[in-house]
Amino acid sequence: MGVITYDMEVPSSIPAAKMFKALVLDVDTLIPRIMPQAIKNVEILEGDGGVGTVKHIHFGEGSQYKSAKHRVDALDTENLTHSYSIIEGDALMGVLESITYHIKIVPNEDGGCICKNRSIYHTKEGVEISEEKIKEGKEKATVMFKAIEAYLNANS
């Protein structure tokens with residue numbers, strides 16, 4: 001099995017605690033409302049939303065994927081960190097064992113925040129992931145983050 005890791009940072013004018021609440025705690029209901037083409041709905045299969053919770057994500061008609069299962073690996077509301085893994089589904093494209101995401105929302109001096117995201121792709125033996133695929137993933141994550149930011153700016 002191979003491992004590919006990439007980091008990205010996205011600045012926001014939204015205060016860190018407010019962004020964390022939207023991006024992590026409320027995301028299962030927020031994204032289907034503001035980006036139904038990306039995610040149709042999310043259902044909890046096991047757990048209460050905390051560590052160990054398994055969620056079934058149903059992607060929207062605008063997505064190339066049908067569904068995925070996510071597992072919450074860590075959640076720290078005090079330090080604004082969250083880790084989760086995609087453990088099943090066609091979003092793994094038949095070439096990945098899993099994808100793990102580590103998110104940290106860091107306050108900045110102007111009252112906004114920076115969303116730091118580390119993505120770790122666990123590939124099946126002998127599989128290579130192209131830079132283009134990694135770039136696509138980064139772009140999709142940025143679009144979703146900016147959609148949440150725009151929603152919070154418009155509804156605050």
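The values are calculated or read from the model by the stated rules, or taken from the named source; none is laboratory data. Because the structure is a prediction, the values reported are computed rather than measured. So basically every Cβ, Gly included, is an ideal-geometry build from the backbone, and we count neighbours across all protein chains shown.
Tally up the residues in region 122-153 that are touching a Phe, Trp or Tyr at 6+ places or on another chain (Cβ under 6 Å) and modelled with pLDDT of 85 or more, please.
Counting residues in region 122-153 that are touching a Phe, Trp or Tyr at 6+ places or on another chain (Cβ under 6 Å) and modelled with pLDDT of 85 or more gives 0.
Whether any residue in region 29-52 is in contact with a Gly (Cβ under 7 Å, 6 or more places away or on another chain), closer than 24 Å to residue 10 by Cβ and loosely packed, with under 13 Cβ neighbours inside 10 Å is what I want to check.
Yes: one or more hits.
Just a yes or no: is a residue in region 148-155 over 18 Å from the mean Cα position of the chain (by Cα) and not in a helix (DSSP H, G or I)?
Yes, because at least one residue in region 148-155 is over 18 Å from the mean Cα position of the chain (by Cα) and not in a helix (DSSP H, G or I).
When you look at residue 70, is it out of contact with any Ser or Thr (no Cβ under 9 Å at 6 or more places or on another chain), at pLDDT 95 or above and not small (Gly, Ala, Ser), yes or no? Quick ask: steps written out before the conclusion?
Working: out of contact with any Ser or Thr (no Cβ under 9 Å at 6 or more places or on another chain): no; at pLDDT 95 or above: yes; not small (Gly, Ala, Ser): yes.
Judged against the criteria, residue 70 is not a match.
For region 21-55, which positions are under 21 Å from residue 89 (Cβ atoms) and of a type in the set (Lys, Arg)?
40, 55
Given the criteria surrounded by fewer than 16 Cβ atoms within 10 Å (Cβ to Cβ), touching a residue at least 40 places away in the same chain (Cβ under 8 Å) and of a type in the set (A, V, I, L, M), does residue 147 qualify?
Judged against the criteria, residue 147 is a match.
Looking at (1) of a type in the set (Phe, Trp, Tyr); (2) more than 20 Å from residue 30 (Cα to Cα); (3) at pLDDT 95 or above, which is the only condition residue 84 fails?
Of everything listed in (1) of a type in the set (Phe, Trp, Tyr); (2) more than 20 Å from residue 30 (Cα to Cα); (3) at pLDDT 95 or above, residue 84 misses just condition (2).
Could you please give the count of residues in region 2-43 that are farther than 17 Å from residue 149 by Cα, among the polar types (S, T, N, Q) and touching a residue at least 24 places away in the same chain (Cβ under 8 Å)?
Going through region 2-43 one residue at a time, the tally reaches 2.
Determine whether residue 86 is touching a Leu at 6+ places or on another chain (Cβ under 6 Å) and among the hydrophobic types (A, V, I, L, M, F, W, C). Show your work before the answer.
Details: touching a Leu at 6+ places or on another chain (Cβ under 6 Å): no; among the hydrophobic types (A, V, I, L, M, F, W, C): yes.
Here the answer is no, as residue 86 does not meet what is asked.
Among the residues of region 122-144, which ones are of a type in the set (A, V, I, L, M, F, W, C) and either closer than 28 Å to residue 30 by Cα or loosely packed, with under 12 Cβ neighbours inside 10 Å (or both)?
If the condition is that a residue be of a type in the set (A, V, I, L, M, F, W, C) and either closer than 28 Å to residue 30 by Cα or loosely packed, with under 12 Cβ neighbours inside 10 Å (or both), then 134, 141, 143, 144 are the ones that fit.
Just to verify a result, which residue in region 77-94, among those that are touching a helix residue (DSSP H, G or I) at 6+ places or on another chain (Cβ under 9 Å) and at positive phi, is surrounded by the fewest Cβ atoms within 10 Å (Cβ to Cβ)?
So the residue we want is 93.
Find the residue count for region 95-112, including only residues that are over 20 Å from residue 6 (Cβ atoms) and either buried (at least 16 other Cβ atoms within 10 Å of the Cβ) or in contact (Cβ under 8 Å) with a residue 12 or more places away in the chain (or both).
Matching residues across region 95-112 total 5.
Exactly one condition in (1) free of Cβ contacts under 8 Å to residues at least 24 places away in the same chain; (2) surrounded by 17 or more Cβ atoms within 10 Å (Cβ to Cβ) is false for residue 56; which is it?
Checking residue 56 against (1) free of Cβ contacts under 8 Å to residues at least 24 places away in the same chain; (2) surrounded by 17 or more Cβ atoms within 10 Å (Cβ to Cβ), the one that fails is (2).
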